[in-house]
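Participant: Structure incoming, see below.
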Amino acid sequence: MTATAPAEGLFSTQLGSTGPRVVFLHGLFGQGKNWTTIAKGLSESARVMLVDLPNHGRSLWTDHFSYPDMADRVAELLQTQGGDDQWAVVGHSMGGKVAMTLALLRPELVERLSVVDVSPVPTGQVSEFDTFIRGMRSIDLEHLTGRKEADSQLAAYVSDPVIRSFLLQNLRRDHATSNGGWRWQMNLDLLGDHLNEMGGWPDLQAQPYQGPVLWMAGINSDYVRPEYAAAMRALFPRVQLVKIKDAGHWVHSEQPEVFLATIRRFLGL
């Protein structure tokens, strides 16, 4: 596993040395490392890159939110790492919208696309993320004694300990300060202020993407609905929908073995 200092402002990690190129894009509040289990499962037969998207993980912070801008930064990174090579692009949730935007605007870079539990439509599911934002903003970083206390404060807003752990992976000690205080690694203010844009879908004025598309959804999730299929097929005519049993929105973490097997088949590995 090789970590790469930010190129085009994006931090990335590479696994594998042979086979097709595959890039994974995480969802809101995530990091590239969220895909590590899946990436390791592919790394013997594929060259895998995990990316921290803008305003997340160790990547740059920006002063605005835009799916086309995020896709442009990813495109630059793919060209820096792979030259003229094409990539299989896998994106979950917010990262899925970045992946779709990339495929529509820069189809020459995308050999195939997998969109995980998100649709190319405006959705109302940001409400749960608004609760997450309010919970994280409620944590008193100045007087925080440790992660256990942060978890306790966040529990008033987020009852699921797995989701709390996911959110708190963004909490870091700031060793640059004299008291070694705590800070959020992602740009919490910008992300919190732009939830409506994240839940939306940009009017890209682009031609449909003609490559193969795997549309994966958790069967217990509302992010992929029958009424969204027409919009998906209009933009991605070669789409195939696969629903994963016993999974909600975080398909790859809730059913990693099934997810990995499905992705391997799609990639022909």
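The values are calculated or read from the model by the stated rules, or taken from the named source; none is laboratory data. Only a predicted model underlies this, so the values are computations on that prediction, with no experimental measurement involved. When the accessible area is computed, the model is the full protein with side chains, heavy atoms only, and any ligands, DNA or RNA have been set aside. Shrake-Rupley method; radii C 1.70, N 1.55, O 1.52, S 1.80 Å.
Participant: So what is the 222 nm mean residue ellipticity for the chain from helices alone, if each DSSP H run of at least 4 adds -39500 (n - 2.57) and you divide by all residues, rounding to the nearest 500 deg cm²/dmol?
Facilitator: That comes out to -10000 deg cm²/dmol.
Participant: At a 1.4 Å probe, what is the % contribution of carbon and sulfur to the accessible area of segment 37-180?
Facilitator: The computed percentage sits at 48.
Participant: Percent of Cα-Cα pairs per 5 Å bin, from 0 to the last occupied bin, for the chain, please list those.
Facilitator: With 5 Å bins starting at 0, P(r) equals 1, 6, 13, 18, 19, 17, 13, 7, 4, 2, 0, 0.
Participant: Here's another thing I want to ask about it. Would you list the P(r) distribution for segment 220-265, with all Cα-Cα distances sorted into 10 Å bins from 0 and each bin expressed as a whole %?
Facilitator: Going from the shortest bin to the longest, the percentages are 24, 47, 29, 0.
Participant: If you wrap a convex hull around the alpha carbons of segment 104-144, what volume per residue comes out, as a whole number of Å³?
Facilitator: Each residue corresponds to 151 Å³ of Cα convex hull volume.
Participant: Roughly how many Å² is the accessible area per residue of the chain, as a whole number, for a 1.4 Å probe?
Facilitator: Normalised by residue count, the accessible surface of the chain is 44 Å².
Participant: Quick query: amide H of Thr62 versus all other amide H atoms, modeled in the peptide plane; which residues come in under 5 Å with a sequence gap of 5 or more or a different chain?
Facilitator: Excluding prolines and chain starts, which carry no amide H, the hits are Asn55.
Participant: Suppose a student asked you for the relative contact order of the chain, using Cα pairs under 8 Å spaced at least 6 residues apart; what percent would you report?
Facilitator: Relative CO of the chain lands at 18 percent.
Participant: Okay, moving on. Find the eigenvalues of the gyration tensor of the Cα atoms of segment 148-269, then list the square roots of 5 times those eigenvalues as equivalent ellipsoid semi-axes, largest first, in whole angstrom.
Facilitator: 35, 20, 15
Participant: Here's a follow-up. Of all beta bridges DSSP finds with both residues in the chain, what is the antiparallel percent, to the nearest 5?
Facilitator: So the antiparallel bridges amount to about 30 percent of the total.
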